[in-house]
1. I need to check one value: relative contact order of region 537-663, counting alpha carbon pairs closer than 8 Å and at least 6 residues apart, in percent.
2. Going by a ≥ b ≥ c, the root eigenvalues of the Cα gyration tensor, does region 136-194 fall in the rounded group (a/c under 1.5), the prolate group (a/b larger than b/c) or the oblate group?
3. Order by neighbour count: 569, 656, fewest other Cβ atoms within 10 Å first, most last.
4. So for 302, 309, fewest C-beta neighbours within 10 Å to most, what's the order?
5. What FRET efficiency comes out for residue 90 versus residue 646 if R0 is 56 angstrom and r is the Cβ-Cβ distance? Round to the nearest 0.05.
6. Distance in nm between label sites at residue 653 and residue 463, each 7 Å beyond Cα in the beta-carbon direction?
7. Could you state, as a whole-number percent, how many of the C-alpha pairs of region 537-663 are farther apart than 19 Å?
8. If each residue of separation counts as 0.36 nm, what is the full-extension length gain between residue 539 and residue 290 once their alpha-carbon separation is subtracted?
């Protein structure tokens, strides 16, 4: 019966899940995460991709059969409609798709008619339309997605100048594509609205299980270099803390219209359980870096990892059977009754977390879960100067790109303006990363599309529309660069089918225009009403230092409530994550030899160790409520450094004093 606690993995795992795990191991996701490059292989959306493939390829088949190049507008509209689908509850999806369809048809007719009237009218109409689309970002995430696509419709429509009747025809073709895609999206291959949230939660538990099993093989790192220890210590904690916060936010957004929805009452308790178990994993990791783990500790780790792996397998298909985690709860509860050590306290802690999850899944705790104080609703944000500046910056950048394409007689000008719309973000750092990803995806996709357009006959190019559109939509939540790579091939090959240019010329034009548009968007973000400078690395490190001190003071003294200590722990993890990502980005900018960078790197390493000590102390406080001997030290240091960092002085001196404090044994 002992072996039943460690069930083997299925002999034939689902193909896509196995493929995602094999192609994207944890070491790769950790490396990309440290560089602020998001990748989520668990979010491959096969059914959504199939819908897009059917919607786009069928329209292109009709356009090719009728020899009607202008009907490519219907194909574009169908593809954009699939992109506009926010997923989730049906009412929300219908609202978003309808809004995009109405706005897109109006923009198509208006902008194309203005373009046919005069260039000056086209400039005025395009600038006003893009400005309004930029302002719509203030209405939330769903409105942002629709407004970006509406702006894309505008920049494409301006390159199709029409008479008034021609503009009406173009708007009708657009509406036809939207209606066809809506029918496919809403009726074909229905998807559980909470599938992305389930996949995110399952990936969180899988990552925690991997971290737990990894703790059994850490002795070789006890004598490793400081840099190796720092990378190994921070990578897993940073990734799991990010996954916890993203999963919690995603579940709360999904259930904003229905606080007692099944997704909330099932998934949110799972995220909370994972967050609580994370405390013991941090404590175990701290112990494993110091000395070999005793047999009883490895037993607790193995049982915990097996429970995490079981939950990860049960969440995606919706098999939330409370009895499935019962054996692990009983095994951990038995180990938690032994003489008080770190392993027994951790066993009791994990057993309590899993018991609460089991209770929530049994439906006995739904009323409490349904009335949590977290703000579920995501109302529209006020129209702050940030959104006005972004809208103005976006409008000017699009017009600048349009003017450049006219001045230099660049073909397919809308590709450059589309890049500006997608790349330009309210934040400078987000714009930079989006620019790099957009350029990389466009160049790679342009080369692949040029090869396909040159070597493949027309009928084979037509057949490629289905897999390309399906793959683009399937990967849109996985990674932006991959999505752009396939999207570039799709747009180039569609243009190849309905236009006169083919092969390398189209691929080169797509890559060239995207590079121009991306650089224009980046320049606009840097030069036009730039945002206030973001927090520097020393500032973020100081915030992380204070947050970790606050957590250590609460964990060792036992003064705060459990909720207060939980909030302090989350703040310590998230601030450390932000500082580590900026530290990594700074090192990539050629500042590896900077004295402040070296000090910040070592401080962040010690803060991760400090979090392990604090987590261990918190586990000790669960059975021994006497404050730890170091409690007074942390409280005094918190007051001292809070006053010190609030006063203007030399940042370098502050960093050195923080490092000296962390180096001292506590």
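1. In percent, rounded to a whole number, it is 41.
2. It is oblate, given that a/c is not under 1.5 and a/b is not larger than b/c.
3. The fewest-first ordering by Cβ neighbours comes to 656, 569.
4. Final ranking by Cβ density, sparse to dense: 302, 309.
5. Given R0 = 56 Å and the Cβ-Cβ separation, E is 0.65.
6. Placing both labels 7 Å beyond Cα along the Cβ direction yields 7.4 nm.
7. More than 19 Å apart: 47 percent of the Cα pairs in region 537-663.
8. In short, 86.7 nm is gained.
Throughout, read-outs are computed from the coordinates displayed, never taken from laboratory work. It should be emphasised that the depicted structure is a prediction, and the values quoted were computed from it without experimental measurement. Here the Cβ is made from the backbone with ideal geometry for all residues, glycine too, and neighbour counts use every protein chain on show.
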